[in-house]
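**Q** Below is a structure I'd like to ask you about.
Each value in this text was obtained by applying a stated rule to the coordinates, not by laboratory testing. Remember, predicted model here, so these are calculated numbers, not experimental data. Using ideal geometry, Cβ is built from the backbone for each residue, glycine included, and neighbour counts are taken over all protein chains shown.
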Amino acid sequence: MHTHQTAPTHYIDANGIRFAYRRFGNPQGIPVVLNMHFTGTMDHWDPLVTDGLAQDREVILFNNAGVSSTSGEVPASVEEMAANAAHFIKALGLKQVDVLGFSLGGLVAQTLAIAEPALVRRLVLVGTGPRSGDVMASLTPEAVEVFTATYAHPDDLWLGVFFTPSEASQAAGRAFLKRFRLRSEGRDPEVNERVAPAQLAALAKWGAPQDTPFDYLAALRQPTLVINGDHDVIIYSINSWHLQQHIPNAQLLIYPDANHGSQYQYPERFVKHVSMFLTEQ
């Protein structure tokens, strides 16, 4: 059985796009499809998370349009990203999936679940927020500082994005970076220079102020698990509360001393919580 490290990259055509994806894990039950963060690829997932989830179910990783090894251009709207995700899942011949979305991927996951209620059974939203959420029309001041800083080692960027300044969190971050680079053969190429501007445009549209902005969440009827750290400076933690308060069937978990990458700081805890949620009757 393949793992995060050994799963080969496959390709499938849908909606004029050649999607790159990987499938691995326990083929029993409902597969879980993972949607990645801003400028991330399939290789930006933590192997402890993906392999942990794969013990109970099949895990499907993919790059959406224009990202890394997937063809096409990145859409400048979350709605188009979600439509592409639906085309990809249906092209695999899957009738029902669970969906996990992290950060930008969480916006895509929400939109996909509302647009395709028969396709999406359960939803996990990690480090993300609702339309017109608090400081979601642009990068937060903390995010600007992290993304524009200079680093001796490029991967050190993620220590500021995903982890708090505490000694314990930074130690967890350094451990994550080692896992993050374990796959060396068949690794996804980094995204090109067109990806970030298009994704930022989509984020700006999503975060733009609207009247009664959270009303759309009433249409999200799937059982939903919302997870975040208590000090997310990329998408402020309060936005996870907004999601839980306005999704009809949602529960919220907040991890201590954790930033945007709470699932990477507490991978075993995260896998346990998500697996319990996905196997509930």
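**Q** Cut-off 10 angstrom, C-alpha nodes, Gaussian network model of the chain. Which of G101, G72, G173 fluctuates the most?
**A** Fluctuation is largest for G72.
**Q** Can you list the residues of the range 224-263 with backbone N under 20 Å from a point 7 Å past the Cα of E167, pointing along Cα to Cβ?
**A** 256-259
**Q** Here is a follow-up. So which trypsin sites (Lys or Arg not before Pro) in the range 90-180 pass both tests, a DSSP loop state and at most 14 other Cβ atoms within 10 Å of the Cβ?
**A** Filter output for the range 90-180: K95.
**Q** Roughly how far apart, in whole Å, are the Cα centres of the range 61-81 and the range 251-281?
**A** That distance is 26 Å.
**Q** Calculate, in nm to one decimal, what A149 and M276 gain on full extension: separation in residues at 0.36 nm each, minus their alpha carbon distance.
**A** That pair, A149 and M276, stretches by 41.9 nm at full extension.
**Q** Kindly state, to the nearest 0.05, the FRET efficiency for H246 paired with L157, given R0 = 41 Å and r defined as their beta-carbon distance.
**A** 0.80
**Q** Ok, one more. Looking only at S262, S240, S166, which one moves most when the chain is put into a Gaussian network model with springs between Cα atoms under 10 Å?
**A** S166
**Q** Within 10 Å of each candidate Cβ there may be at most 16 other Cβ atoms; applying that plus a DSSP loop requirement, which GluC sites (Glu not before Pro) in the range 115-214 survive?
**A** For GluC sites (Glu not before Pro) across the range 115-214 that sit outside H, G, I, E and B with at most 16 neighbouring Cβ atoms in 10 Å, the list reads E185, E190, E193.
**Q** Among Y151, Y264, Y216, which one moves the most in a GNM of the chain with springs linking Cα atoms closer than 10 Å?
**A** The residue that fluctuates most here is Y151.
**Q** Any aspartates and glutamates with Cα under 16 Å of the K205 Cα? List them, leaving off those in the same chain fewer than 8 positions away.
**A** E79, E80, D134
**Q** Right, next: So for the range 1-138: antiparallel DSSP bridges make up what percent, rounded to the nearest 5?
**A** Of those bridges, close to 45 percent are antiparallel.
**Q** Also, I was wondering about something else. Given C-alpha coordinates of the range 10-279, what is the ratio Rg to Rh with the Kirkwood estimate of Rh?
**A** Ratio of gyration radius to Kirkwood radius for the range 10-279: 0.92.
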